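Remarks on the structure that follows.
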Amino acid sequence: MNVRQSLLAETGSRTVVPTIFIVSLFLLVVGHDAPGGGFVGGLLAGAALLVVFLSGGRNEVRTLLPLHPRSLVGLGMAVSITVASLGLVFGSSFLDAGKITLDLWLVGEISAGSSLLFDVGVYLVVVGLVATVLMELGRPEESAS
Amino acid sequence: MTAVVGLLLVIPLGAVALTLLLPKLVWRRSVSLIASTATLIASVAVLFGVDGDGPIIVNVGGWEAPLGIALVADRFAALMLSVSAAALLGVLIFAVGQRDNDRAFPSFHAVYQTLAAGVVLAFLTGDLFTLFVAFEIMLTASYVLITHRAGPEQIRATMTYVVVGLVASGLFLVGIGLIYAATGTVNLADLSVRLAEVDPALRTAIGWLFFMVFGIKAAIFPLFFWLPDSYPTAVAPVTAIFAGLLTKVGVYAIIRTQTLLFPADKPSTPILLIAGLTMVIGVLGAIAQGDIKRILSFHIISQIGYMIMGLGFFTVAGIAAAIVFIVHQVVVKTVMFLVGGLVENSSGTGRLKEVAGVLHKFPVIAVLFLPAALSLAGLPPFSGFVGKLALVQAGFESGRWLVVAVSLFASVLTLFSMTKIWSGAFWGTPTDNLVRAPAATMVMATGGLVALSLVIGLAGQPLLEIATRAAGDLLSQESYRAAVLVSGS
């Protein structure tokens, strides 16, 4: 599994992957008012993981992730559920969204909704799921259960 | 109370998140068990609240219907929620008690709670597209549960299940597209107003399309072929929860959509015909089988026919009887499959030719089986009798003698095939393969559900009264419409 697969793919992925990740984060952040959001952003990040998987293999994907894919899904769900429940506590109902506007000197006004946080959760779930699929499909045959 | 309805979704989904994060098995088990218990308590609280004060509406995210997604807890939904939550908890305890379910499969509890969330959402949603989403959540979780730890032979059988599920979902989506094109809304309450203005021919066509889609999920005649092949292949608790809940969610969707969107003011002969055929074909299929789980799988189909029959009368009495029957079936069907699981667990097989004498070796399993089997056949004073009696009375009121006669005939055959299991597996000299005594937890979980079914049998009258009020709501449609479209929360 640790055989070096292709110099071309490995070098290419080194430049492509960070770019895809940044675009995916961009999509996540603008998602509230423009096309994008946690799901699309998460899928794009998953595509980046796929590139890593193709060029470097399963272990490369695993080392890139801060957590076990399963925990990533769990964390994302925890974030989303917490935000959704906050609407139950402070707002009028489940999934109710709040919004804050910050006036930052020089940068200008920035507004962020609690739905952004919800989307962060969705992002994590999608990335975690794609990673899970890659780990399972890329599993060497002898250790398959 | 609206907060409690919101909690019904937060609890299972929160449990999914936690069980994915927690590293230790004992923590995952505790979270899952606590979540299922809490779901049960919340469901029962909602049932009592709704029965007293009318439907509870939650406008998700504060967006009012028909623009936003509404969660609607009315009597029918709350009744289904309560009994399903009880079944989910019972099966979960059984699954924890049976070794190897959640040990070898770290995500078992997460997937199980996802299934629970899908079921809860399917009952609560007041929106056709969210119903689709709920079905997908539920089915996706079920695909994982049914294929996990399966050998090549089981994978082949479950492929049918997955493919049929996906085809039905595709048709469901087409139906939603059609209905949206015709009316411009997917909110159920709004649809019930606007569909009345649509061309009757188109409305009938869409109505049958939805009947077919949910009919595939509910396994009615002639769309049941996938069920007896796939269900028996899974491990006992998984089969039990599928048998107890999944087809009944399909029936729930049929009753909900047919009464709210495509109402009829007189008994529907085609629906009654389908109901009669489902009962008879199902029970005849059961008689031909020689394996406990396969016999029971065919009985699922047969019993679905009774529920559809109650709907087919389109009277308060008929639908009330159908609701009582569903409540009884969720519990009893789950128990039957758990008992089948106990026999398999002890002997390693469910084939009637290879196992005998369970009564002498492990009498406790026989004690659990007997009331459930008699209840399934509809003998008094067990819970099945209440439902069947109400169905027969409703049939007489509507003057539909033939289908009533057919249902009684199917009952006799049901009793016959129950005696087949009894004399095959429970009587006789114990076979050598009866080696593993059932774990106390598994027996207790099954026993709890048996006790619940006995209570349903004894409390038949109050249950029938709640069901009658629920059926009145369903047929008048006004309370549902008024609650969703006027009130905001």
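The values are calculated or read from the model by the stated rules, or taken from the named source; none is laboratory data. These numbers come from a predicted model, not from an experiment. Note that each Cβ is placed from the backbone with ideal geometry, even for glycine, and that neighbours are counted across all protein chains shown. All accessible areas refer to the heavy atoms of the entire protein, side chains included, with ligands and DNA or RNA removed. Shrake-Rupley method; radii C 1.70, N 1.55, O 1.52, S 1.80 Å.
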Which helices, taking whole DSSP H runs in chain B, have alpha carbons extending 30 angstrom or more along the helix axis plus mean Kyte-Doolittle at least -0.5?
B:25-53, B:75-97, B:152-183, B:292-313, B:316-347, B:401-421
How shielded is B:13-23 by partner chains, expressed as the average number of their Cβ atoms within 10 Å of its Cβ atoms?
6
On average, how much accessible surface per residue is there in chain B, in Å², for a 1.4 Å probe, leaving out ligands, DNA and RNA?
34 Å²
From zero up to wherever the largest Cα-Cα distance of chain B sits, split into 20 Å bins and tell me the percent of pairs in each.
26, 60, 14, 0
Enter the mean number of other protein chain beta carbons within 10 Å of the beta carbon of each residue in A:75-87, as an integer.
4
For the range B:267-472, please report how many Lys pairs fall under 18 Å Cα to Cα, leaving out neighbours fewer than 8 apart on the same chain.
7
Dividing the Cα convex hull volume of the range B:242-312 by residue count, how many Å³ per residue is that?
61 Å³
For the pairing of chain A with chain B, what total accessible surface becomes buried, with a 1.4 angstrom probe, in square angstrom to the nearest 100?
1400 Å²
Any idea how far the Cα center of the range B:147-197 sits from the one of the range B:436-464, in Å?
33 Å
Distant-in-sequence amide H partners of B:Thr125 (H built 1.01 Å from N, under 5 Å):
B:Val72
What is the spread of the Cα atoms of the protein assembly as shown along each of their three principal axes, largest first, in whole Å?
80, 63, 40
Could you pull out every one of the aspartates and glutamates with an alpha carbon less than 16 Å from that of B:Lys266, ignoring same-chain neighbours closer than 8 positions?
B:Glu397
Compute the distance from the alpha-carbon center of the range B:319-388 to that of the range B:55-125, in whole Å.
24 Å
Could you run the Karplus curve 6.51 cos²θ - 1.76 cosθ + 1.60 with θ = phi - 60° over the range A:126-133 and give me ³J(HN,Hα) per residue in whole Hz, x for Gly and Pro?
5, 4, x, 5, 4, 4, 4, 4
Give me the one-decimal nm value for the distance between modelled label points at B:Leu166 and B:Ala201, 7 Å along each residue's Cα-to-Cβ direction.
3.6 nm
Tell me, what is the 1.4 Å probe accessible area of B:Glu197, in Å² to the nearest 10?
140 Å²
Per 5 Å bin, what is the whole-percent P(r) computed from every C-alpha pair distance within the range B:267-472?
1, 8, 17, 19, 18, 14, 10, 6, 4, 2, 0
With R₀ set to 45 angstrom, the calculated FRET efficiency between the beta-carbons of B:Ser423 and B:Tyr143, to the nearest 0.05, is 0.80
Shielding score for B:35-44, defined as the mean number of other chain Cβ atoms within 10 Å
0
Radius 12 Å from Cβ of B:Gly49, net charge of other residues (Lys, Arg +1; Asp, Glu -1):
-2
Using the alpha-carbon centroid of each, what span in Å lies between the range B:1-46 and the range B:273-291?
37 Å
Where Lys and Arg each count +1 and Asp and Glu each count -1, what net charge lies around B:Pro462 among other residues with Cβ under 12 Å from its Cβ?
-1
Net charge, B:Val60 excluded, C-beta distance under 13 Å - Lys, Arg +1, Asp, Glu -1
-3
Give the accessible area for B:Thr431 in Å² (nearest 10); use a 1.4 Å probe, count only protein heavy atoms, and leave out ligands, DNA and RNA.
40 Å²
Listed highest first by mean packing, meaning other Cβ atoms within 10 Å per residue, what order do B:106-112, B:93-99 come in?
B:106-112, B:93-99
For B:Asp100, the accessible surface traced by a 1.4 Å probe with all protein chains present amounts, in square angstrom to the nearest 10, to 70 Å²
